[in-house]
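Working notes for the structure below.
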Amino acid sequence: MRNVNQLRNLIYPNHQLSIKPRYIIKNKKLVYIPMPIIDVHNLAGIKNYLFHEYFIPDGDSGIVSTLSFPFTQTLVNFTISHFHLNASLRGQPRHKSFYNYGHSSNALATTKKIMETFYDEAKARGQRPLLTIIPTCRDFEYYESRRELPYQNLINTLTKQGIPVFDFALPMLAYEDDYHSLYGLCSTHPNKKGYHVMAQVFMAYLNKVGIKK
């Protein structure tokens, strides 16, 4: 989600304005889009500055600027189309659909291109790159109910290109099946135990592939 976002407040509500740069794909290459300069005295027109913001109100994400008449029908449409509410109705993490092939945000292709570019540039410098994916607690919940990781398409596309990826999810579950104990709340980052488990499984992987200190 963050890879197709410029105004973080649209996905992480905050009292402070939070603007960020992002990348887009143009002619099969990554193009850096710098952080937009916002007129703080004209925040009502902020959408006019966000030319590469997927979550712009009244766009494909389902976020709306106002509810219009007839309100009941508008509310139904809002519930169905809003990316977060729709995910809740489907019983999946709100970021799950962004890993779908053909998603209107182009999030999967963008994320894959960012990781692929990092890998290629590191290789060109004579380094040994390793891409990692750290699951959220919601990812574990989804895996528990569907036996599939929400971001499996990302792993598949990278692996298909011969790019190695270490996904923490299954090794962490093998180490500690009570994944809720690895987080303070299921919506937060790992807790102390969670980071300890991550360190243990990652060290085991590095030893397995012959990467030493």
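Just so you know, all these numbers are worked out from the coordinates, no wet-lab data involved. The structure displayed is predicted, hence computed values, not measured ones. Quick reminder, even Gly has a Cβ in these numbers, built from the backbone with ideal geometry, and neighbours come from all protein chains shown.
For the reader, a short list of remarks on this structure follows.
- From the Kirkwood radius over Cα pairs of the stretch 108-213, Stokes-Einstein at 37 °C and 0.692 mPa s returns a whole-number translational diffusion coefficient of 220 µm²/s.
- Candidate lysines for bridging to Lys29, where Cα separation is under 16 Å - those fewer than 8 sequence places away on the same chain excluded: Lys112, Lys113
- Just so you know, the Cα atoms of the stretch 1-56 work out to an Rg and Dmax of 11.6, 37 Å.
- Membrane-span-like helices of the chain, defined as complete DSSP H segments with a Cα extent of 20 Å or more along the helix axis and a mean Kyte hydropathy of at least -1.0, are identified as 107-124, 192-208.
- Normalising by residue count, the chain has a Cα convex hull of 169 Å³ per residue.
- Spin-label pair Ile133-Ile114: with each label point 7 Å from Cα along the Cα-Cβ axis, the two points sit 1.5 nm from one another.
- R0 of 35 Å, Cβ-Cβ distance Ser187-Ala124: FRET efficiency to nearest 0.05: 0.35
- Ranking of Ser18, Ser105 by neighbouring Cβ atoms within 10 Å, starting from the fewest: Ser18, Ser105.
- Theoretical FRET efficiency, 1/(1+(r/R0)^6), r = Cβ-Cβ of Lys28 and Phe166, R0 30 Å, to 0.05: 0.70
- The average projected area of the stretch 93-163, computed from the convex hull of its Cα atoms over all directions, is 5.1 nm².
- Placing unit charges on the Cβ atoms of the charged side chains and taking the dipole of the stretch 108-213 about its Cα centre, the candidate lying farthest along the positive direction among Leu173, Ala109, Tyr183 is Ala109.
- Cβ crowding within 10 Å, taken as a proxy for footprinting-reagent exposure, orders Asp39, Asp167 from fewest neighbours to most as Asp39, Asp167.
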